[in-house]
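**Student:** Got a structure for you, questions after.
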Amino acid sequence: MVKTEEKFHKSRLRSSYLSVVMSITAVLLMLGAVGVMGLKLDDITKKLLEEYAFTVMLKNDAPEADVRQFQKQLDLSDQVISTEFITKEEAANEFQETLGEDFVDFLGYNPLSDAIEIRMKYNFVNTNDVESFKNELLESGVVSDIAYDPNVLDSVNAFVKRYGTITLIVWIVMIFISIALINSSIRLSIYSKRFTIKTMQLVGATKTFIQRPFMKQSAVLGAVGGLIASAILTGMAYYSNSKGFTTEELTIDMELMLMISGAIILFGTFLAWSCTFVAVKRYLKLKTDELYY
């Protein structure tokens, strides 16, 4: 009879542990997935900004050596990610393809000039920095004009800011949901042991002595849940990369996954530990007759 009762209690205990670990795993897996997607979409927005290009028109009488030196200076600039020299013949061919007719034959000459197309680093792709950079370039002796559309630039930046705000809101909501769900799971687990907690207190055990085993146990469960969630997330990322299900921009770096996995495990451990601390402290403050409600 005693053995049967012990088996029953052990079974309930294992079931309780499993329930907590599964809850923590599910929540952290969801939070980790949102984190990975957020970081990759952030990379895409940076890539989008760096695809924005503006054109520097060169003077027709500019010496070739000066033009090459000018382009070299651009390539060395901290603001520039890449440059491309476009001859006036190449520019004319592009215009002809766009217009569908040979405007050079119609005019009798090529009115275009050589140009350099510039792509800037994402953190400089905004109206103020581009305008400031434009004014600097106009001081060069080889530059005749600079062409860029500020409206397009403003639209791109507005989209990026809107996306950043939405991502931040989703992150905050997900963190609050994670805290609420894990806290609920931990509290249910501690609730089933409230009489044990009160009994230990009545026989003279200190609050620290009572809290310590529960907090240690929850920290382990949180770490296990984080470890399982990290393993699943890393496995999914590796499988997705190896099977070519993602584009180059969406390919998930394994080094990044290790960092995210570490953060998930630490977050799960700390959250389970802190929720247990609060829950046990609450039951220590209750009177014996209040435990029945």
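**Student:** For a protection proxy built on the mean count of beta-carbon atoms within 10 angstrom, sort 276-286, 252-262 highest first, please.
**Tutor:** Packing proxy ranking, top to bottom: 276-286, 252-262.
**Student:** For Ile146, which sequence-distant residues (separation of 5 or more, or a different chain) have an amide H within less than 5 Å of its own amide H, given hydrogens modelled in the peptide plane?
**Tutor:** Here the answer is Met57, since their amide H atoms fall under 5 Å of that of Ile146.
**Student:** Same structure again: If you count, for each residue, the other Cβ atoms within 10 Å and average over each peptide, how do 188-196, 228-236 line up from highest to lowest?
**Tutor:** So the peptides 188-196, 228-236, ranked by packing, come out 228-236, 188-196.
**Student:** If you don't mind, another one. HN-Hα J couplings of region 181-191 from phi, Karplus 6.51/-1.76/1.60, θ = phi - 60°, integer Hz, Gly and Pro as x?
**Tutor:** Couplings: 5, 5, 4, 4, 5, 5, 5, 5, 5, 6, 4 Hz.
**Student:** For a quick check: with amide H placed at 1.01 Å from N, whose amide H comes under 5 Å from Ile86's, ignoring anything fewer than 5 positions away on the same chain?
**Tutor:** Those lying under 5 Å, H to H, from Ile86 are Ala115, Ile116, Glu117.
**Student:** Would you pull out the residues with amide H under 5 Å of Lys121's amide H, same chain only if 5 or more places away, H placed 1.01 Å from N?
**Tutor:** Val80, Ile81
**Student:** Residue by residue through region 164-172, which ³J(HN,Hα) values in whole Hz follow from phi under the Karplus form 6.51 cos²θ - 1.76 cosθ + 1.60 (θ = phi - 60°), with glycine and proline marked x?
**Tutor:** Once rounded to whole Hz, the list reads x, 5, 4, 4, 4, 4, 4, 4, 4.
**Student:** Specify which residue in the list Leu137, Ala180, Asn241 is farthest towards the positive end of the charge dipole of region 98-250, using unit charges on the beta carbon of Lys, Arg (+1) and Asp, Glu (-1), about the Cα centre.
**Tutor:** Ala180
**Student:** Would you work out if region 38-128 is rounded, prolate or oblate? Take a ≥ b ≥ c from the square roots of the eigenvalues of the alpha-carbon gyration tensor; rounded if a/c is under 1.5, else prolate when a/b is larger than b/c, oblate otherwise.
**Tutor:** oblate
**Student:** Also, quick follow-up: With only Lys, Arg, Asp and Glu charged, each at its Cβ (+1 for the first two, -1 for the last two), find how big the charge dipole of the chain is about the Cα centre; round to the nearest 20 debye.
**Tutor:** For this selection, approximately 4760 debye.
**Student:** With each run of n ≥ 4 DSSP H residues scored as -39500 (n - 2.57), what mean residue ellipticity at 222 nm is computed for the chain after dividing by its residue count and rounding to the nearest 500 deg cm²/dmol?
**Tutor:** When only DSSP H runs of four or more count, the value is -25500 deg cm²/dmol.
**Student:** Among Thr165, Met57, Tyr191, which residue has its Cα furthest toward the positive end of the charge dipole of the chain, with +1 on Lys/Arg Cβ and -1 on Asp/Glu Cβ?
**Tutor:** Going by the Cα projections, it comes out as Tyr191.
**Student:** Sticking with this structure for a sec: With θ set to phi - 60°, apply the Karplus curve 6.51 cos²θ - 1.76 cosθ + 1.60 along region 111-116 and write out the HN-Hα couplings as whole Hz, x wherever there is a Gly or Pro.
**Tutor:** Listing the rounded values in order: x, 7, 10, 4, 8, 10 Hz.
Readers should treat all values here as calculations from the given coordinates under stated rules, not as data from a laboratory. Keep in mind that what you see is a predicted model, and the values were worked out from it rather than measured. Cβ atoms come from the backbone with ideal geometry, glycine included; neighbour counts cover every protein chain shown.
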